1. Quick check on D164: is it touching a Pro at 6+ places or on another chain (Cβ under 8 Å), surrounded by fewer than 19 Cβ atoms within 10 Å (Cβ to Cβ) and either assigned by TED's automatic domain parsing to the domain that holds F221 or assigned to a helix (DSSP H, G or I) (or both)?
2. Just give me the residues in region 270-322 being closer than 30 Å to E255 by Cβ, crowded, with 18+ Cβ neighbours inside 10 Å and among the small types (G, A, S), in sequence order.
3. Please count how many residues of region 87-118 are closer than 23 Å to R201 by Cβ, part of a strand (DSSP E or B) and not aliphatic (A, V, I, L, M).
4. Let me confirm something: among I328, I345, which residue is in a loop (DSSP other than H, G, I, E, B) and either touching a residue at least 24 places away in the same chain (Cβ under 8 Å) or β-branched (V, I, T) (or both)?
5. Could you please find all residues in region 360-374 being free of Cβ contacts under 8 Å to residues at least 60 places away in the same chain and under 22 Å from the mean Cα position of the chain (by Cα)?
6. Buried (at least 24 other Cβ atoms within 10 Å of the Cβ) and β-branched (V, I, T), is that true of I199?
7. Taking the criterion of being surrounded by 19 or more Cβ atoms within 10 Å (Cβ to Cβ) and either under 28 Å from K68 (Cα atoms) or of a type in the set (A, V, I, L, M) (or both), would at least one residue in region 136-146 satisfy it?
8. Within region 102-131, how many residues turn out to be in contact with a Pro (Cβ under 6 Å, 6 or more places away or on another chain) and modelled with pLDDT of 85 or more?
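The values are calculated or read from the model by the stated rules, or taken from the named source; none is laboratory data. Note that the coordinates shown come from a computational prediction; the quantities given were computed from them, not determined experimentally. Neighbour counts run over all protein chains shown; Cβ positions are idealised from the backbone, glycine included.
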Amino acid sequence: MLVNKIEVNNLTKIFGSHPQQGLKRLKDGEQKNEILEKTGMTVGVNQATFAVKPGEFFVIMGLSGSGKSTLIRLINRLIEPTDGEVLIDGKDITKMDTTSLIETRRKKLGMVFQKFGLLPHRTVLNNVAYGLEIQGVDKQERFEKAEKAIEDVGLKGYESSYPDQLSGGMQQRVGLARALANDTDILLMDEAFSALDPIIRKEMQDEILHLQNKLGKTVLFITHDLDEALKLGDRIAIMKDGRIVQVGTSEEILENPANEYVSNFVKDVDRSKVLEASHVMKKPEVLMTYKDGPRVAVHKMEEAGASSIFVVDKEKNFKGLLTIDDAIRAYKEKIDLEEVLITEIASAAPHTPLHDLIGIAVEAKYPITVMEDGRLLGIISRVSILSGLVLGKEKDEVTSS
């Protein structure tokens, strides 16, 4: 079984009349600006190395001129590399002949651009089915796949509309549906949301996260926006001057920036939008199942010095919260536990940003439960949320002083 879906090794692109000479200079230790000054050649990507796991949302982030858009075009070989290799499912795309390259692009690599690239004279349905039409897929099958993709991106009912009848966000959904209809394993997205208004952009970010989770696609996403990178990426690669200067999770990059460049990038980040429920949750100190009964519940709470206990079934599905008073009452009055459980408890998914939990925590009488598919993973107290934000801020202040 392959560990990586995409593997990039020492990938380099030098623009100019004698790229191999530029490559030698690069390998001899000359910097991008030195090579430009001495030879007039531009280093677009400098010996980039990273890997993307199956089903991972991998973000490449950098400012204008950092090389990120060149990098994604090297990965699907819209631009020929000067050196290095790009393995897609273990096969080097840089060494493929034209036939194999076209086949790999059709079956493995779906592309979503910043410019929507929709054909104005075609309906939404025909735009989405266009890639399948080029591949020679028969009409019925391509329309069935297109209709499913349209439904997946939330545009059911707009199949007969034309691009100029849609908003910018809806047009981008059509572009995304077109890539999904081809049913490729990998989605390459180059600044896909940067042309959208902030509110629509947030909606599209939420949509792609939902779709990626639902469909299990591997996504390679290019952006210049750090907040977007931190929100979307399972891992992030930060680029500067054609080089990848750090790869890591949002938390790793925030807590341990690789150099001053990355540190300056992240110093003003709103941690409440980056840190998630899973980062600050803890396991309940006391836990019980239905079969334990009220007497055991009272004993466990007394032992832990707690005034309440979380109740789950044998599969760890959350059933409710039991207070010490209700447990004693259930024991004395022979009441079934289900009748005294508090079930109206605030809950969150593991990936919920802390920013979304602050307001809930202020109103919540009990700790917030963190659940996935009904299973109790952990709990979050108001103190956990505040300490997660304050400790991070204090660390930043110490680092910068």
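1. So D164 fits the description; yes.
2. A277
3. Going through region 87-118 one residue at a time, the tally reaches 1.
4. I345
5. M371, E372, D373
6. So I199 fails the test.
7. yes
8. So the answer is 1.
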